[in-house]
1. Let me know the whole percent of all Cα-Cα pairs from region 78-182 that are separated by more than 17 Å.
2. Calculated from DSSP H runs of 4 or more alone, at -39500 (n - 2.57) each and per residue, what is the 222 nm mean residue ellipticity of the chain, nearest 500?
3. Give me the base-10 log of I(q)/I(0) for region 270-335 at each q in 0.18, 0.23 Å⁻¹, Debye formula, one uniform scatterer per Cα, rounded to two decimals.
4. Relative to the compact globular guide of 2.2 N^0.38 Å, what is the alpha carbon radius of gyration of the chain, as a ratio?
5. Against the 2.2 N^0.38 Å scaling, with N counting residues, where does region 225-340 land? I'd like the Cα-based Rg ratio to two decimal places.
6. Once you put a point 7 Å from the Cα of residue 121 and another 7 Å from the Cα of residue 335, both along the Cβ direction, what distance in nm separates them?
7. I'd like to check one number: the per residue accessible area of region 163-213, probe 1.4 Å, reported in Å² as a whole number.
8. For the chain, what relative contact order do you get, as a whole percent, if you take Cα pairs closer than 8 Å and at least 6 residues apart?
Amino acid sequence: MKVSIVVTHLLGTGHLARALTLGRAYGAAGHDVQVVSGGMPAPQLNSDGVDMVQLPPLRSDGVDFARLLDEHGAVASEALKAARREMLVTHIQTRTPDLLITELFPFGRRTLKAEFMALLDAADALPTRPLICASVRDILAPPSKPAKAQLADDLVAQYYDAVLVHADEAVTPLSLSWPVSDAMQGKLRYTGFVAPPPASPHPDRLGAGEIIVSAGGGDVGAHVFDTCRAAAARDAGRVWRLLLGGQDAAARSAALMQNAPANVVIEPARPEFRQMLYHAAASVSLCGYNTALDVLQSGVRALFVPFDAGNEVEQGLRADALSALPGIEVLRSADLTPDRLLSALAALHAAPTRPAQTDGFDGAARTVTLTEAMRKGTR
């Protein structure tokens, strides 16, 4: 099959990371796959083996997803938006994919509705219409208005053959965060969790005994990093490693290191992050989809501080579900202080160990198998 996966990450990089994992799975199965990315470049992500097409990039203005900025930080112009629409239509018309996957839309990215509609209309008008699927994570941002849920229902009914839910239905059914109608229910296909194969421990045991602090690949988590620096000053016996994401991570890391405690290392997010978790004393992080799976696959003791700015609830729901496991603690942003953080780490140290999890993360391969069967007509 020729496969096109269209994704735009606006704040963090989790959406693109998941799309790349899917892309590698299709490539490994012998399919011709392209990932069309409309977000900012994310060089720290592994794109090996994936043919990527980059649209003129956009990002959100912080947590204001209705205000889109270009790569220079200016408000996105209508000309830039038109150029993106034209590139997407041209991509579909020249590539003529057998399978089109839109990541998150129509359950999110409504600010980009015009370009996704142009994409879907172009796909629908091809002489041989592709199989069209939406791809969503385990937990969505619940719609703030009934009209948003109705829009998703209408678009799924009009354009989509299936909604690929990258979760275990027994653990996090989509209805936990989204009002699933009867019509929508019939198009849901649960794939299991989408994660890369488990990383191997770092050959040099990088991160051994450290508190590793991360906040994904975007420009978020400043409150977590600030609190961890203050906590580290009271915990001189351990190394704290803060891994910053975002476009200017190198500059921000260098600036913060100038006044950092002696036991603190601050640097841009590292590609070896997943390997380092095996050796860490604990992980302190937000609770995005990919980070949560990294924690489970490595078995590292973990303190989650779920992202909740702008009334976001997705990460809080995920963290609460995971907190039932041994070796996982949760602190809300409003409760995050150096004392509370150190107390939570002490509780983690006393908690039973949690073995690394190896099963249940083959959602990418299962997505390939499922869509292959659908494309052959067993829809």
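The values are calculated or read from the model by the stated rules, or taken from the named source; none is laboratory data. Everything numeric in this text was worked out from a predicted model, so none of it was measured. With ideal geometry, Cβ positions are generated from the backbone for all residues, glycine too; neighbour counts draw on all protein chains shown. For accessibility, only protein heavy atoms count, side chains too; no ligands or nucleic acids. Shrake-Rupley method; radii C 1.70, N 1.55, O 1.52, S 1.80 Å.
1. On the way: 2953 of 5460 pairs.
I get 54 percent for the Cα pairs in region 78-182 exceeding 17 Å.
2. Numbers: 12 runs with 132 residues, N = 379.
It lands at -10500 deg cm²/dmol.
3. Computed log10 I(q)/I(0) values: -0.61, -0.94.
4. Working: Rg = 20.7 Å, N = 379, 2.2 N^0.38 = 21.0 Å.
This ratio for the chain stands at 0.99.
5. On the way: Rg = 14.1 Å, N = 116, 2.2 N^0.38 = 13.4 Å.
Ratio of Cα Rg to 2.2 N^0.38 Å: 1.05.
6. 5.0
7. Working: 2210 Å² over 51 residues.
Per residue, region 163-213 has 43 Å² of solvent-accessible surface.
8. Details: 735 pairs, mean separation 57.4, N = 379.
It rounds to 15 percent for the chain.
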